[in-house]
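A.B. asks: I'd like to ask some things about the structure below.
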Amino acid sequence: EPEVTQTPSHQVTQMGQEVILRCVPISNHLYFYWYRQILGQKVEFLVSFYNNEISEKSEIFDDQFSVERPDGSNFTLKIRSTKLEDSAMYFCASQAAGNTIYFGEGSWLTVV
Amino acid sequence: AQTVTQSQPEMSVQEAETVTLSCTYDTSESNYYLFWYKQPPSRQMILVIRQEAYKQQNATENRFSVNFQKAAKSFSLKISDSQLGDTAMYFCAPRVHNTGTASKLTFGTGTRLQVTL
């Protein structure tokens, strides 16, 4: 069964460093999402992406964040200068023309 | 904007018993979908079941079924014959139906379900 894959599964980075989280959505999916989940808290929407542009972004998704789909397969989330409060599980998700959104296994980011 | 309320932070059920997790939501949209996702200790987000708001018939997926009350904006999940592997956090998440654009899920705070022997 096709699945969304994310790398790395876990990354530890120093405060102020740039981080890129990578995702390979399910082939032929059209819509892409990033969510995050701080430990013990609910899942929060960050950004959605369709037709090579951002469809919607939340208040969390400030200038420190960016997304890109550089080669038609990967979908990346970049955090330019990480803060301690960016420590969280980051989920990539994708969706076909139907209505079910499928999630990857997540990338656990620890900022120290 | 959509809001989602899951009023049961934690629940416990014995193996083979039935448990119902509640969810209420608020939306001004008329065309939307509702989902239950499960997050086991591995933290992966797994789809459990989905319901189209325009359908009156409640969705069923093996041991999982929903009780969808559109007027009351209620969407509860029933798990029958509970198994140890059902131990997880369960999230209710509505999603507006949009054509030609991405449309996000809005998650509730979750219900932590523990299945015991």
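No value in this document is a laboratory result; all are computed from the given coordinates. Just so it is clear, the structure is predicted and the values come from calculations on it, not from any experiment. Because the Cβ atoms are built from the backbone with ideal geometry, glycine has one as well, and the counts that use them run over all protein chains shown.
A.B. asks: Compute and list, largest first, the equivalent-ellipsoid semi-axes of chain B from the alpha carbon gyration tensor, each √(5λ) rounded to a whole angstrom.
C.D. replies: With the √(5λ) rule applied to chain B, the semi-axes are 24, 14, 13 Å.
A.B. asks: Under the definition of partner shielding as Cβ atoms of other protein chains within 10 Å of a residue Cβ, what is the mean value for peptide B:10-21?
C.D. replies: 0
A.B. asks: Which net charge results when you count Lys and Arg as +1 and Asp and Glu as -1 among the other residues whose beta-carbon is under 10 Å from that of A:Gly16?
C.D. replies: +1
A.B. asks: Mind checking segment B:1-36 for GluC sites (Glu not before Pro) that DSSP puts in a loop (not H, G, I, E or B) and that have at most 16 other Cβ atoms within 10 Å?
C.D. replies: Listed in order of number, the matching sites are B:Glu15, B:Glu17, B:Glu29.
A.B. asks: Oh, and also: So which trypsin sites (Lys or Arg not before Pro) in segment A:58-100 end up in coil per DSSP with only 11 or fewer other C-beta atoms within 10 Å?
C.D. replies: Passing sites in segment A:58-100 are A:Lys83.
A.B. asks: Could you rank the peptides A:38-48, B:49-59 by their average count of other C-beta atoms within 10 Å per residue, with the highest value first?
C.D. replies: In descending order of packing, they fall as A:38-48, B:49-59.
A.B. asks: Nearest 0.05, what FRET efficiency do A:His10 and A:Asp71 give at R0 = 22 Å with Cβ-Cβ as r?
C.D. replies: About 0.35, to the nearest 0.05.
A.B. asks: Right, another one. When Cβ neighbours within 10 Å are restricted to other protein chains, what is their mean count per residue of peptide A:43-54?
C.D. replies: Mean partner-chain Cβ count within 10 Å for A:43-54: 3.
A.B. asks: Express the C-alpha Rg of the protein assembly as shown as a ratio against the empirical globular expectation 2.2 N^0.38 Å, rounded to two decimals.
C.D. replies: This ratio for the protein assembly as shown stands at 1.02.
A.B. asks: Also, quick follow-up: So how far apart, in nm, are the two label points at A:Leu84 and A:Thr110 if each is 7 Å from Cα heading toward Cβ?
C.D. replies: It is 1.6 nm.
A.B. asks: Which value, to two decimals, describes the C-alpha radius of gyration of segment A:16-97 once divided by 2.2 N^0.38 Å?
C.D. replies: Rg over 2.2 N^0.38 Å, computed on Cα atoms: 1.05.
A.B. asks: When Cβ neighbours within 10 Å are restricted to other protein chains, what is their mean count per residue of peptide B:95-104?
C.D. replies: 6
A.B. asks: With a Cα-only, solvent-free Debye model of segment B:1-51, what are the log10 I(q)/I(0) values at q = 0.23, 0.25, 0.26 Å⁻¹?
C.D. replies: The Cα Debye sum returns log10 ratios of -1.15, -1.24, -1.27.
A.B. asks: Any idea how far apart A:Glu53 and B:Ser30 come out in nm if each label point goes 7 Å out from Cα toward Cβ?
C.D. replies: So the two model labels end up 2.9 nm from each other.
A.B. asks: When only C-alpha pairs under 8 Å and at least 6 residues apart count, what is the relative contact order of segment A:16-97, in percent?
C.D. replies: RCO, segment A:16-97: 45 percent.
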